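Notes to accompany the following structure.
The values are calculated or read from the model by the stated rules, or taken from the named source; none is laboratory data. What you see is a predicted model, and the numbers here were worked out from it, not measured in a lab. Don't worry about glycine lacking a Cβ; one is built from the backbone with ideal geometry, like all the others, and counts go over all protein chains shown.
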Amino acid sequence: MTSNSHLERILERGEFAVTSECGPPRGADPEVIRKKGGLLKGYVDAVNVTDNQTSVVRMSSFASCILLKEMGFDPILQMVCRDRNRISLQSDILGAAALGINNILCLTGDHQKFGDHSTAKNVFDMDSIQLIQTVKWMRDDGKFLGGEELKGVPKLFIGAAANPFADPFEIRVPRLAKKVTAGVQFIQTQCIYNMDKFDQWMAMVRDRGLHERVHILAGVTPFKSVGMARYMKNMVPGMDVPDEYIERLKGVDKENQAGEGIKICVESIQRLRTIEGVHGVHIMAIEWEEKVPEIVKQVGLHPRPSA
């Protein structure tokens, strides 16, 4: 054990972990986060809080994590490199640890041109792999990047993201290997719809023995409608949505498409649980948090184990 993370304890015990996600509001109302947290309470082992996702300004991940911590959650602080240099990144790492945040997800971050401030100046002093190395260095060696010793190390469980479907496919596993070498301890993947291709990716992961060195949490997102499925297939980079799911959603009445989307999600999780090396599931029910309890119950992952 290297941290006080509830999620780390669950994974180290060999339990199949469940995490989910809270998108912060585009305002200062804390009740938005508290309401989302209330929907997830008791159904997940940890909750991610996104960091100005898609480069759109939102309440800070840091503040939102504290609100969830006050509710009894074990939040996962997402931290992107787009907006901070190494001074600020190290400062926020220390602040998070001091306030009892036990998990960090290290991300490079979406380019600002995709967001609502396209002319903003980016930073990108580091990328996600270098941020992983920084957190590990501070935690295990007790030093700042400049070489000076820390007075109190941040005991954080280190995570990162992986997209098994982005092009070029052949570099996906080598890039994961770099993150593992850098010190990542858990991985949350992009939304998985193409199960056959994910199986292929996991086979390559196992060939390198990476599944024994890092905990992999497979990402899933339930479809609300056939329109959502088409959008994710055609408009979201790095997403692989098989035509069979679009046809399946088209085959039911509009008012029943959300229910069919939940069925597809449940079936996906059931299959993911059979894949060697998958240690948990990350449910990204985007602005649909009320469906997470239903999904967790249907796949037999409720109640969640205690710490």
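General remarks:
- Residues that are part of a helix (DSSP H, G or I) and either under 25 Å from the mean Cα position of the chain (by Cα) or closer than 26 Å to ASP167 by Cα (or both) within region 239-257 comprise ASP243, GLU244, TYR245, ILE246, GLU247, listed in sequence order.
- Residue under evaluation HIS117, criteria (1) free of Cβ contacts under 8 Å to residues at least 60 places away in the same chain; (2) surrounded by fewer than 22 Cβ atoms within 10 Å (Cβ to Cβ), criterion not met: (1)
- Residue-level analysis places ALA96 outside the set of residues that are in a strand (DSSP E or B), hydrophobic (A, V, I, L, M, F, W, C), at pLDDT 95 or above and surrounded by 14 or more Cβ atoms within 10 Å (Cβ to Cβ).
- Within region 239-249, the set of residues being crowded, with 20+ Cβ neighbours inside 10 Å and of a type in the set (Lys, Arg) is empty.
- Any hit, region 88-107, residues being out of contact with any Phe, Trp or Tyr (no Cβ under 8 Å at 6 or more places or on another chain) and charged (D, E, K, R): no
- Counted residues, region 34-57 - those being among the aliphatic types (A, V, I, L, M) and surrounded by fewer than 24 Cβ atoms within 10 Å (Cβ to Cβ): 3
- Scan of region 272-304 for residues that are more than 19 Å from ILE76 (Cα to Cα) and loosely packed, with under 15 Cβ neighbours inside 10 Å, ordered by number: THR274, GLU276, GLU290, LYS297, GLY300, PRO303
- Restricting the first member to region 266-283 and to residues that are small (Gly, Ala, Ser), and the second to residues that are assigned to a loop (DSSP other than H, G, I, E, B) and surrounded by 22 or more Cβ atoms within 10 Å (Cβ to Cβ), the beta-carbon pairs closer than 7 Å and six or more apart or on different chains are SER268/ILE192.
- Output for region 99-120, where each listed residue is assigned to a loop (DSSP other than H, G, I, E, B), out of contact with any strand residue (DSSP E or B) (no Cβ under 9 Å at 6 or more places or on another chain) and at pLDDT below 95: HIS111, GLY115, ASP116, HIS117, SER118, THR119, ALA120
- Tallying residues that are under 25 Å from ASP199 (Cβ atoms), over 15 Å from the mean Cα position of the chain (by Cα) and assigned to a loop (DSSP other than H, G, I, E, B) within region 278-298 yields 0.
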